[in-house]
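A.B. asks: I'd like to ask some things about the structure below.
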Amino acid sequence: MIQNSKHKISAALAVFNEEQNLDQCLRSVVDWVEEIVVVDGDSTDKTREIAGKYQARVIKTTNKSIFHINKQMAIDNCAGGWVLQLDADEVVSAELREEVIAVINDNLALEAYFIPRKNFFLGRWLKKGGQYPDGVIRLFKNGKAKLPCRSVHEQMQVNGQVGWLKSPLFHYPYPSFAEYLKKSDRYTSLSANELFRQKEKPGFGSFFKAYLKAEKTFWQIYLRHKGFLDGFPGFIFALYSGLHQITAYVKFWELYRKKKDSG
C-alpha cells in the first residue's frame, strides 16, 4: 500500500462481470496513478484476472443491489491523498489525465471536482437531451467525500468546496441495445421496490400519474433539451427514458399483487 500523500492519487472502482469494459478503463489510468483499488462483487467472468493484469488490489465481496456500497468500500481502501472514482465503463481522456495531475499538484485545489462525461448510446455521443456535460463528482481529496449508499442514482456528499474540471470522461454504459435493456431491467426493478417500500397502492390514478411522468420525461429530453438533434439514438434514448416510469409501475403492480395473494 502506498504512503498517504496529498500528491498521490488512487483510482477506485467497484465492478461485477465487467470483462468487456475493464481493460480499456484501467489502461487509461495505470501509467499515472499510484494504486488501483478494485472491489469485485463476486464476478463469474474474467474481471478479477483483468484487474490483476494491471496490478490492481482486488477486494472480493458480494454483489449488492445498492452498488454504491461497494464503491464506497473501494474509496475507503484507498491510501492516496486524492481519489479518482471510476466505473468500469468509463475511460479517462488524455486531456483529463493532464488536468487531474495538474489539480492534485495545486496547493490551492478545492476539496472535490465535478468531471463532465461524454455519454455514448447506440454508438453516438449524446450531445443533447440533457446528457452533456452530465457532471459527476469523481475527483476528491481522500476523506472529504462519500456516497450515501441509499439509491442507484445519487451524488457524492462533499465536506468542502466543489469545482469543475473542463476535460471529459468518456462513458460507454451500453455497448449494445441488449445491454441497455438488461441494465434498464435492473433499474426499473429498483424503482418498483422503492414504490413498494413507500406503501403506494396501485390503481388507475397512480398509473395515470406514472404515465404523465413518462410523457413529461420524453418531451423534456426530446424537445426541451433538444434530444432530436442526436438523431435516431436521441429519439430512442428519450423514448426509453420515459418508458422507465411505466415499466417500473407494472413491476410495482406485480409486487403488490403477489403480496396480496400471499395473504
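A.B. asks: For residue 107 and residue 246, calculate 0.36 nm times their separation in residues minus their Cα-Cα distance, and state this gained length in nm to one decimal.
C.D. replies: 45.1 nm is the gain from fully extending residue 107 to residue 246.
A.B. asks: Work from the charge dipole of the chain (Cβ charges, +1 for Lys and Arg, -1 for Asp and Glu, about the Cα centre) and give the residue of 101, 240, 174 farthest towards its positive end.
C.D. replies: The one lying farthest along the dipole's positive direction is 240.
A.B. asks: With +1 on the Cβ of every Lys and Arg and -1 on the Cβ of every Asp and Glu, and nothing else charged, how large is the dipole of the chain about its Cα centre, in debye rounded to the nearest 20?
C.D. replies: In debye, rounded to 20, the chain gives about 1080.
A.B. asks: At a Förster distance of 25 Å, what's the computed FRET efficiency of residue 159 paired with residue 93, Cβ-Cβ distance as r, to 0.05?
C.D. replies: Working: r = 28 Å, r/R0 = 1.12.
FRET efficiency, residue 159 to residue 93: 0.35.
A.B. asks: Calculate, axis by axis, the spread of Cα positions in the chain along the three principal axes, and write the results as whole Å, longest axis first.
C.D. replies: Its Cα atoms span 59, 45, 36 Å along the three principal axes.
A.B. asks: Residue by residue through region 95-106, which ³J(HN,Hα) values in whole Hz follow from phi under the Karplus form 6.51 cos²θ - 1.76 cosθ + 1.60 (θ = phi - 60°), with glycine and proline marked x?
C.D. replies: Going residue by residue, I get 5, 5, 4, 5, 5, 4, 4, 5, 5, 6, 9, 9 Hz, with x marking Gly and Pro.
A.B. asks: Which aspartates and glutamates have a Cα lying under 17 Å from the Cα of residue 46, excluding residues fewer than 8 positions away in the same chain?
C.D. replies: 18, 19, 23, 87, 89
A.B. asks: Further question on the same structure: What's the FRET efficiency of residue 66 with residue 167 using the Cβ-Cβ distance as r and R₀ = 35 Å, to the nearest 0.05?
C.D. replies: 0.70
A.B. asks: Quick check on region 9-171: of the DSSP beta bridges with both residues there, what percent are antiparallel, nearest 5%?
C.D. replies: Working: 14 of 35 bridges.
Bridges in region 9-171 that DSSP calls antiparallel: roughly 40 percent.
A.B. asks: Once the dipole of the chain is set up with Lys and Arg at +1 and Asp and Glu at -1 on Cβ about the Cα centre, which of 189, 223, 262 lies farthest towards its positive end?
C.D. replies: 262
A.B. asks: Taking the Cβ-Cβ separation of residue 262 and residue 208 as r and a Förster radius of 35 Å, what is the calculated FRET efficiency to the nearest 0.05?
C.D. replies: 0.80
A.B. asks: According to the square roots a ≥ b ≥ c of the eigenvalues of the Cα gyration tensor, what is the shape class of region 1-78, taking rounded for a/c under 1.5, prolate for a/b larger than b/c otherwise, and oblate for the remainder?
C.D. replies: oblate
A.B. asks: So which lysines can residue 128 reach, going by Cα to Cα under 24 Å and dropping same-chain residues fewer than 8 places off?
C.D. replies: Qualifying lysines at Cα under 24 Å: 118, 166, 182, 183, 213, 216, 226.
Any read-out appearing in this document is the output of simple, stated calculations on the displayed coordinates, not a laboratory observation. From a predicted model like this one, the values you see are computed outputs, not experimental measurements. We place every Cβ from the backbone using ideal geometry, glycine too, and count neighbours over all the protein chains shown.
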